[in-house]
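Step one of this worksheet: look at the structure below.
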Amino acid sequence: TELTHIRNFSIVAHIDHGKSTLADRLIQDTNTVADRDMKEQLLDSMDIERERGITIKANTVRLDYTADNGEHYVLNLIDTPGHVDFAYEVSRSMRAVEGSLLVVDSTQGVEAQTLANVYQAIDADHEIVPVLNKIDLPASDVDRVAEQIEDVIGIDASGAIQVSAKTGVGIHEVLESIVHHLPAPTGNPDAPLKAMLVDSWYDAYLGVIVLVRIMDGHLKKGDRIKFLSNGTTHHVDRIGVFRPAMQNIDVLGPGEIGFLTASIKQVRDTRVGDTITHEKKGTEDALPGFKPAQPVVFCGLFPVDSAEFEDLRDAIEKLALNDASFSYEMETSAALGFGFRCGFLGLLHLEVIRDRIEREYNIDLITTAPSVIYHIYMKDGEMIELHNPADMPDLSKVDHLEEPRIKATILVPDDYLGDVLKLCQDRRGIQLDLTYAGSRAMVVYDLPLNEVVFDFYDRLKSVTKGYASFDYQMTGYREDNLVKMQVLVNDEPVDALSTMVHRDRAEMRGRAMCEKLKDLIPRHMFKIPIQAAIGGKVIARETLSALRKDVTAKCYGGDATRKRKLLDKQKAGKKKMRQFGKVDIPQEAFISALKMD
Ligand code: GDP
Ligand code: MG
């Protein structure tokens, strides 16, 4: 296809504002998929994405469109994830396209992820077409929302297109606007091949599939290609495009987006942002490198049943093949036995991986407290990255500690502003900015990531009845007075419950944890002290009283099948517990104990 007849774009939106529905409508209106094959949210392919209504992996689709001027165009849509954990995937796919549709729900208005995503598009020099969605709803207020787009984002919304992705109103205008308002890509067809590796994932049948954007030259089936980052070479055995099902083609030229397969075994061997060229007569001029996605939240994953360790290893290795941003290494815990210390982009990412292990591989897991990476400066000048509070070195050798901070942007209706400020304050936040747009406030806070990774988002949703939106970016490391808090159950330290806390909050957190654990751990035949301690000094204590002996006799007599059933239940319940010394601690305790209310 001629460059002048290609348009590459993405859709940016806050979650639930209708990005996937709009994408479906564009696919349908260009007859890319026969009506009988159309199912809702075609691009959200993974089950877990469907269930949670989020898009995780960037997806792409090629649409053929005959415009009102009679010309044929190829439109390449890259669907980007909308969740804050996957901001990095948004940024990388943005570099492969020239424009964005900015979708804003006209019953809601601009939200935190609208801002975060549109600024990524602006950073990538995109032309932006604002789209006001859900105009079929009575609460739709297009004038107010258009004004908000101008006030808050600072882009011209006079040409905003009013659509209903649900009923199809306005979709034709969107397609025309893509053709007329978004720029065509540029590229030199005669130059050596230069392609950008936009994304890659593992397919059970084809091996690693690599999504590419051709910048210059041509990529053909049978070519020998080279990855500039590591010099590895491969034989291209397949080239194609997504419509959205895979369709093989013979060649991709400048400005085009498509995939290649080349018998690559692991996603890890393909670096996003890498430059792909020909092995012979290739370019040596690499595209500006992308930063690899770095895990920021770490936690331990242990099998409830220690016999399932090898199954867990297998599951983790398989998942890691397809997700280069997920890291893992083996970990042993005195209390939990063998498991893995895993790194994630954020809490949603953690939940998604944990769910997949439990569901797809059928392994019950104990998840230990999530932790961020602390920088520990030793007295001898060395800096250690601490991924696991259990590995905290001897304090006498430590000079100081630094923790990661974020800049959080929260948009919230006025009525809830007080609650949001209090929540941020409670989490050691420093207010940076507070502005108003209509009846919504936008607050910007500097917060420790540690205070956010755990349950901040849940708390924010609950104090604002779901009306707040939230987004963040990492800003850097700062020194603070942080200590490791240990929990002792029946005088035994349970390393999986160790956390890093701010010294000023340690007593409060310790007390809260002990109280929670007291409720979570079932009573035993003996008294169980539950303590929180810092460096051997106990700062909080609860005691779980002993069961009275005769309670166990309660199913004496009665009929035998009932008794058997009860015993089976007990056994099943036991399976969900882990023994620490003489004490059984239920699985959910490891997470629940850390939640703050
Ligand atoms: P995404 O999170 O941005 O991908 O949003 P979705 O496309 O999943 O849409 C979120 C919800 O809004 C779904 O329940 C859609 O059916 C609904 N929705 C999307 N567009 C419209 C629209 O134009 N009108 C109405 N009434 N509902 C819509
Ligand atoms: Mg979606």
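Work out how much length residue 379 to residue 245 would gain on full extension: take 0.36 nm times their residue separation and subtract the Cα-Cα distance, in nm to one decimal.
Computed gain between residue 379 and residue 245 is 42.5 nm.
For the chain, just run the numbers: alpha carbon Rg, then divide by 2.2 N^0.38 Å, N being how many residues it has.
1.08
For the chain, which longest stretch is free of loop sites, where a loop site is one of the chymotrypsin sites (Phe, Trp or Tyr not before Pro) that DSSP puts outside H, G, I, E and B and that has at most 13 other Cβ atoms within 10 Å?
206-525
On C-alpha positions alone, give me the angle between the axis of helix 309-321 and the longest principal axis of the chain, in degrees, nearest 10.
20
Work out the FRET efficiency for residue 399 and residue 66 from their Cβ-Cβ distance, taking R0 = 51 Å, and round it to the nearest 0.05.
FRET efficiency, residue 399 to residue 66: 0.15.
Round to the nearest 10 and report in Å² the accessible area of residue 379, as given by a 1.4 Å probe over the protein chains' heavy atoms.
Number for this one is 130 Å².
Which order do peptides 392-405, 270-283, 131-144 fall in by mean Cβ count within 10 Å, highest first?
270-283, 131-144, 392-405
Assuming 1.567 mPa s and 4 °C, estimate D for the range 222-378 with Stokes-Einstein, Rh taken as the Kirkwood radius over Cα pairs, in µm²/s.
Here the translational diffusion coefficient equals 71 µm²/s.
Would you calculate the separation in nanometres between label points at residue 523 and residue 439, each defined as 7 Å from the Cα along the Cα-to-beta-carbon direction?
5.1
For residue 98, what accessible surface area do you get with a 1.4 Å probe? Give it in Å², rounded to 10.
The value for residue 98 is about 30 Å².
To the nearest 10 square angstrom, how much accessible area does residue 234 have with a 1.4 angstrom probe?
30
Quick query: amide H of residue 212 versus all other amide H atoms, modeled in the peptide plane; which residues come in under 5 Å with a sequence gap of 5 or more or a different chain?
Placed amide hydrogens put 198, 258, 259, 260 under 5 Å from residue 212.
Return one number: the angle in degrees, 0 to 90 and rounded to the nearest 10, between the long axis of the Cα atoms of helix 506-520 and the longest principal axis of the Cα atoms of the chain.
The answer is roughly 80 degrees.
Return one number: the angle in degrees, 0 to 90 and rounded to the nearest 10, between the long axis of the Cα atoms of helix 112-123 and the longest principal axis of the Cα atoms of the chain.
The answer is roughly 40 degrees.
Set the Förster distance to 41 Å, then compute FRET efficiency between residue 475 and residue 156 from the Cβ-Cβ distance, nearest 0.05.
0.85
What nm distance separates the two modelled labels at residue 314 and residue 503, each placed 7 Å from Cα along Cα→Cβ?
5.0
Under a crude label model (7 Å from the Cα following the beta-carbon direction), how far is residue 364 from residue 329 in nanometres?
3.0
The values are calculated or read from the model by the stated rules, or taken from the named source; none is laboratory data. Everything numeric in this text was worked out from a predicted model, so none of it was measured. Quick reminder, even Gly has a Cβ in these numbers, built from the backbone with ideal geometry, and neighbours come from all protein chains shown. For accessibility, only protein heavy atoms count, side chains too; no ligands or nucleic acids. Shrake-Rupley method; radii C 1.70, N 1.55, O 1.52, S 1.80 Å.
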